[in-house]
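Undergrad: Pasting in a structure now, in structure tokens, and then I'll have a few things to ask.
The values are calculated or read from the model by the stated rules, or taken from the named source; none is laboratory data. This structure is a prediction, so every number in the text was calculated from the model and none was measured. Cβ placement follows ideal geometry from the backbone for every residue including glycine, while neighbour counts extend to all protein chains displayed.
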Amino acid sequence: MKNMNQLLKQAQQMQAKLMEAQNKMNEIEVIGSSGGGMVTVTLNGKSDMKKVYIDPKIWNPEDMEVLSDLIVAAHNDAKSKIESLMTEEMGSFLPAGMKSPFDF
């Protein structure tokens, strides 16, 4: 029974650390960019989009496809950065040899 109590205590400690890491991730903001910084997208740790910046020099109503592609690329850049941070932060909670659910 002593081993079971110890195991339960370890699980509770790990859960508390996991919650702390999740809260930390929710507070961060990451900026992704494309077009040499002409388009930037800011995401929070939950991958919610917070800001979009578009340099007025690239605004061309006749070529919206390029602008659309740049926005998507900036978003994907930010999302990739979030996933890397998540993997790094949460990786310490995984048993040796187990892959993170954020690694594809």
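Undergrad: Can you say whether Asp77 is at pLDDT 75 or above, acidic (Asp, Glu) and surrounded by 13 or more Cβ atoms within 10 Å (Cβ to Cβ), as far as the supplied structure shows?
TA: yes
Undergrad: Taking the stretch 4-46 as the search range and keeping residues that are under 18 Å from the mean Cα position of the chain (by Cα) and free of Cβ contacts under 8 Å to residues at least 12 places away in the same chain, which one is nearest to Leu85 (Cα to Cα)?
TA: Once the filter is applied, the top-ranked residue is Gln22.
Undergrad: Check whether at least one residue in the stretch 61-71 is assigned to a helix (DSSP H, G or I), modelled with pLDDT of 95 or more, surrounded by 13 or more Cβ atoms within 10 Å (Cβ to Cβ) and not aliphatic (A, V, I, L, M), and report yes or no.
TA: yes
Undergrad: A further question on this structure: Name the residues in the stretch 31-45 that are under 14 Å from Asp55 (Cα atoms), assigned to a strand (DSSP E or B) and of a type in the set (A, V, I, L, M, F, W, C), would you?
TA: Result: Val39, Val41.
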